Every structure is written in structure tokens, then in C-alpha cells.
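Asks: This is the structure, below, for whatever I ask next.
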Amino acid sequence: MRWKTRVVKVGRVSIGGDNPVRIQSMTTSDTRNVKATVDQILKLQDVGCEIVRMTVQGKKEAEACGEIKNELIRLGCDMPLVADIHFYPPAAMVVADFVDKIRINPGNFVDTRAIFKKIIYTDEMYAKEVLKIEEEFAPLIEKCKKRGVAIRIGTNHGSLSDRIMNRYGDTPFGMVESAFEFARVCRKYDYHNFLFSMKASNPLVMIHAYRLLVAEMVNIGWNYPLHLGVTEAGNGEDGRIKSAVGIGSLLLDGLGDTIRVSLTEDPWAEIDPCKRIIKFAKERSKLRLPTVDTLVPKTLKEGSVILKAKYDVSAADLVILASMELGAKLIDGLGNGVSIDSHHKSEDFERNLLQACRIISFKTDFIACPGCGRTLFDLQSVTNRIKEKTGHLPNVKIAIMGCIVNGPGEMADADFGYVGSRPGKIDLYVGKTCVEKNIDFIDAETKLIDLIKSHGKWVEK
């Protein structure tokens, strides 16, 4: 049974309450390209997407959203539109005239980009910075309240502010407090048409953050809806496993009102795994699910608890269902190995699942963003090439980011980062630190490999 939240209206679509779990995606076109963006939205509608988000970097993109909305209306499409805002609140004020929801990132809506340095905040200094949130955010709240526009307070583990990290750490608790600072302003102005997200590229961090968020809301009597997602999940089987572990585990907990599977693929490829995740969460009690047994360890000293399951489902269903069912148990520490009986599993499926749950690392772990109108290179082809060249490295995490919005923060969970900095240029990171800037695109992949080798992380295939 789902935790019952209050209802939030996003255009014609209602989220929360007794409404079904809604499916979302995001366009990857340049938002200023009205035709390309409209075409993507129509294609997403055709495959079952219910809400679509577009990146809005500045006022030109905000104004383009008005043209996009008008063209969709002309074509008979009433898809609810969401504007994605980072760093530039004036764009939110403009786009609020055209869209049905605005996503703000509490880590960078008011605060400047994190520099990851130790800063001592006195209570007075901290309170002064929090006051700036109300000064900058209140006008948007008032406008959204007047126009009936919803807001998603979308915390991202990779873009927490220095202020939050210095007081609460780079932790799920810091993520929740970052969101609550903005939620308290919404409530002060008697605005309640908002929802939360707690996204991270690490499914464990993501799950813990959402659970903590709900626990805190229950404690103070709030019940705002939840948008679920594992950000920068990557592509292929790995991206689907990570998403099913994170999103699916929470839906099986009864948490979640709308979801997005973030894949480094075409946006419409995200809809099918969304449908499967929702289907299995909804029908869990009706499905003839596998019996999950605990195999006795060979020796008590080993303590190796293996979850054994048999699945008689299609290959596409197996990836989602097994990741949800077994991943939820692995995440909660109820096993540290899996043995799956299925005719349709890939050669490395079990190991891929264990790696997604951070139990083993037998190959490179990729943190790859899905792309949007901010992306500065072809993410899909670059990600596939880098995976082909570097995907065999155990205990190595590589982030491939289309732009710098979340780049430096996501580097915190990666050993090496490949980040688009401007057209034709790439920055390379080690951890949070940018070590080479403005590398020509044509040289960047070779430079990345050289960087990995220089840090002693390279092994031959």
C-alpha cells in the first residue's frame, strides 16, 4: 500500500493521493529549437509519457517555452510541461507564464556553485544565507500560486551547496535539509502545490535520502508527493538495473507518486522501463513471484548469504523484476550474493546487480547523465566509446557529464570525470578536482585514458 500523499496538480495531471504513479521524461533537444522540442514531446506522448521536462538555462529558453506550448496546443497536445532551472532564478520568473511546473534545484537556485572547501559558518552567518532563500524564492512562489503552477524541489546529491555540506555533510540528511529550507518558505506563503525529489547516482544514497525525507515529513505532519529517480544511471542493462533497484525498492516500500528513469539513451527509451517498474510494484501481490531462499554458507566463517530466485519472465521483465525484488533485499543488507535461475539473464546479470547495490566491483562503474538541452556533445556515442575503451576496470568509477551543472558535484562519487565545459571542449576531473581544462573534444578520450593510467588504475583487457 502506498503512503498517501496530498494531491499536486501539474496541468491536467494530478500527482499523489489515489492517482496512479505518473511517468515522466525530459527532452534532449535545444529548448530554443521549438520544432525539435515539440517533435520530441509528441513522440514521448505517443509512447505513454505523462509529463515532460525541458531545460531552461536563460530567458531565451524560457520564452521559447511559450512558443512550444502554443505549438503543442495548436497540434491538440495538452502534455504538462516542466521547466528545469539551475543557477538563474530570473528564467524561472519568465517561464512561469508558460509551463505547468518548475523544477528548482535547492543546491544552486540561490547558493553559488560549491567549491568543496571547509568553511566555518556561525549561526548568524548561516541564518543570513537562509534568509536569502526567501528573498529570491518568494517572488516565484507568489507567481506560481497565482497561476496554479506546481514546483518540484529537486535535491541532487551532486549539487549540494557548500553551506549545506559544511553543516550537514554530503549526506542524505544534508539533502533533506536542503529541500526543507525551500519547503518552509513555500509553507510560509501558504503555497502547497509542490513535491520533492532526492536524486543521486548511487542507488543506496538515493534510497536512504527518500526514506529519511518521508520519516521527517511524517514526524512533522507533512505529506507532499515524491518524484523518484536515480540520476545519471547510464545506459543499457546497467542503467535499467540501477533505476529498478532505486525506484523499485521505494515503490515496494509504498513510497513514490511519479517516476523518471534517467538513461543515456533517447528519451522515449525511458518510458518502457518506467512502465515495467510501475507494473511490478502495482501487481506485486498478484504476481507469482519467485521464492527467495537463503543458501547456507559453506562455512560459518565465510558468512556468505546468497539469495536464490527463479524467474520465468521475458528478458526485459527479468532485468526490472529481479533488480526490484532482489535489489531491495541486497540494499537492506539481507544478502550479499545472488543466484538467479532464468533462461533470459545476460552473462553478467548477477554481477551487474551486485555492483549496482555496491556489494562488489568487477568492472568500471559509469555515472552518465541522460542529456538535455544543455548537453555540449553527443552523450550516447561518447558514452558508448568510453565504455568500450575503459569498461573493464574494477573498482573504478567514471562520470560522463554533458555539461557542468552537476558535473563537479557528481565527481565526488567518481574517480574520474569527463565533463563538457563549452562547445568542442572537455574538462577532466579527478574526484572533485578539475585537473585539465578546455581539452579539444577530439583529444579528450585519449587524455582520459592517460589520466587513468597516471593514477595507477589502468589494467589491460
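The values are calculated or read from the model by the stated rules, or taken from the named source; none is laboratory data. Given the structure is predicted, the values throughout are model-derived calculations rather than measurements. For neighbour counting, all protein chains shown are included, and Cβ atoms are generated from backbone atoms with ideal geometry for every residue, glycine included.
Asks: Between E347, E325, which is in contact with a strand residue (DSSP E or B) (Cβ under 8 Å, 6 or more places away or on another chain) and in the same structural domain as E283 (by TED's automatic domain parsing)? Give the derivation first.
Replies: Details: E347 fails: in contact with a strand residue (DSSP E or B) (Cβ under 8 Å, 6 or more places away or on another chain).
It is E325.
Asks: Just checking, which of V430, V405 is over 18 Å from the mean Cα position of the chain (by Cα) and not hydroxyl-bearing (S, T, Y)?
Replies: Details: V405 fails: over 18 Å from the mean Cα position of the chain (by Cα).
Answer to the check: V430.
Asks: I'd like the full set of residues that are crowded, with 21+ Cβ neighbours inside 10 Å and within 21 Å of W3 (Cα to Cα), limited to the stretch 194-204.
Replies: Going through the stretch 194-204, the residues crowded, with 21+ Cβ neighbours inside 10 Å turn out to be 194-203.
Result: F194, L195, F196, S197, M198, K199, P203.
Asks: Counting just the residues of the stretch 136-172 that are part of a helix (DSSP H, G or I) and polar (S, T, N, Q), which one comes out farthest from the chain's Cα centre (by Cα)?
Replies: Of the stretch 136-172, the ones part of a helix (DSSP H, G or I) are 136-147, 157-159, 162-168, 172.
Okay, now just the ones that are also polar (S, T, N, Q), so 159, 166.
Values: S159: 12, N166: 23 Å.
Among residues in the stretch 136-172 that are part of a helix (DSSP H, G or I) and polar (S, T, N, Q), the one farthest from the chain's Cα centre (by Cα) is N166.
Asks: Are there any pairs, at least 6 apart or on different chains, whose C-beta atoms fall under 7 Å, with the first in the stretch 2-19 and in contact (Cβ under 8 Å) with a residue 24 or more places away in the chain and under 9 Å from Y224 (Cα atoms) and the second acidic (D, E) and part of a loop (DSSP other than H, G, I, E, B), and if so, which?
Replies: From residues that are in contact (Cβ under 8 Å) with a residue 24 or more places away in the chain and under 9 Å from Y224 (Cα atoms), the pairs are T5/D257; G16/D257.
Asks: Return the residues of the stretch 47-61 that are farther than 24 Å from I153 by Cβ and without any contact (Cβ under 8 Å) to a residue 40 or more places away in the chain; say none if nothing qualifies. Don't jump to the end; show me each part of the working.
Replies: Kept after step one, since they are farther than 24 Å from I153 by Cβ, are these residues of the stretch 47-61: 47-48, 60.
K60 - this is the single residue of the stretch 47-61 that is farther than 24 Å from I153 by Cβ and without any contact (Cβ under 8 Å) to a residue 40 or more places away in the chain.
Asks: Can you tell me how many residues in the stretch 409-429 are surrounded by 18 or more Cβ atoms within 10 Å (Cβ to Cβ) and either part of a strand (DSSP E or B) or modelled with pLDDT of 95 or more (or both)? Lay out the reasoning, then the answer.
Replies: The first filter runs over the stretch 409-429 and keeps only residues surrounded by 18 or more Cβ atoms within 10 Å (Cβ to Cβ), leaving 409-421, 426-429.
Add one more test, that the residue is either part of a strand (DSSP E or B) or modelled with pLDDT of 95 or more (or both), and what stays is 416-421, 426-429.
Qualifying residue count, the stretch 409-429: 10.
Asks: Which of the residues that make up the stretch 431-461 are touching a residue at least 24 places away in the same chain (Cβ under 8 Å) and within 19 Å of C369 (Cβ to Cβ)? Quick ask: steps written out before the conclusion?
Replies: Initial filter on the stretch 431-461 (touching a residue at least 24 places away in the same chain (Cβ under 8 Å)): 432, 434, 441, 444-445, 448-449, 451-452, 455, 457-459, 461.
Across the stretch 431-461, the qualifying residues are K432, C434, F441, A444, E445, L448.
Asks: Also, quick follow-up: Count, please, the residues in the stretch 355-377 that happen to be under 19 Å from Q57 (Cβ atoms) and either under 16 Å from the mean Cα position of the chain (by Cα) or not aliphatic (A, V, I, L, M) (or both). Please lay out each step first, then the result.
Replies: Applying the first criterion (under 19 Å from Q57 (Cβ atoms)) to the stretch 355-377 yields 369-377.
The next check asks that each one be either under 16 Å from the mean Cα position of the chain (by Cα) or not aliphatic (A, V, I, L, M) (or both); those that pass are 369-375, 377.
Qualifying residue count for the region: 8.
Asks: Now for a separate question. Restricted to the stretch 1-23, and to residues that are surrounded by 16 or more Cβ atoms within 10 Å (Cβ to Cβ) and farther than 19 Å from G148 by Cβ, which residue is nearest to the chain's Cα centre (by Cα)?
Replies: Going through the qualifying residues, I end up with I23.
Asks: So, one more: What tally of residues in the stretch 365-392 results from selecting those that are part of a loop (DSSP other than H, G, I, E, B) and either of a type in the set (F, W, Y) or in the same structural domain as S159 (by TED's automatic domain parsing) (or both)? Give the derivation first.
Replies: Initial filter on the stretch 365-392 (part of a loop (DSSP other than H, G, I, E, B)): 369-378, 391-392.
Then keep just the ones that are either of a type in the set (F, W, Y) or in the same structural domain as S159 (by TED's automatic domain parsing) (or both); that gives 377.
Residues in the stretch 365-392 being part of a loop (DSSP other than H, G, I, E, B) and either of a type in the set (F, W, Y) or in the same structural domain as S159 (by TED's automatic domain parsing) (or both): 1 in total.
Asks: Let me ask you something else. Condition first: of a type in the set (G, A, S), closer than 20 Å to K4 by Cβ and in contact with a Lys or Arg (Cβ under 7 Å, 6 or more places away or on another chain). Now tell me which residues in the stretch 14-32 satisfy that.
Replies: The first filter runs over the stretch 14-32 and keeps only residues of a type in the set (G, A, S), leaving 14, 16-17, 25, 29.
Now narrow it down to the ones that are closer than 20 Å to K4 by Cβ: 14, 16-17.
If the condition is that a residue be of a type in the set (G, A, S), closer than 20 Å to K4 by Cβ and in contact with a Lys or Arg (Cβ under 7 Å, 6 or more places away or on another chain), then G16, G17 are the ones that fit.
Asks: While we're looking at this one, here's another question. How do the pairs read when you match residues in the stretch 157-168 that are surrounded by 24 or more Cβ atoms within 10 Å (Cβ to Cβ) with residues anywhere that are modelled with pLDDT under 90, using Cβ under 6 Å and keeping only pairs 6 or more apart or on different chains?
Replies: G158/N406; G158/G409; G158/E410; S159/N406; S159/G409
Asks: Within the stretch 448-461, take every residue that is among the charged types (D, E, K, R) and surrounded by fewer than 16 Cβ atoms within 10 Å (Cβ to Cβ) and give me the one that is modelled with the lowest pLDDT.
Replies: Let us first name the residues in the stretch 448-461 that are among the charged types (D, E, K, R), namely 450, 453, 457, 460-461.
Now restrict to residues that are surrounded by fewer than 16 Cβ atoms within 10 Å (Cβ to Cβ): 450, 453, 460-461.
Numbers: D450: 97, K453: 97, E460: 91, K461: 84.
Step by step, filter the stretch 448-461, then rank; the result is K461.
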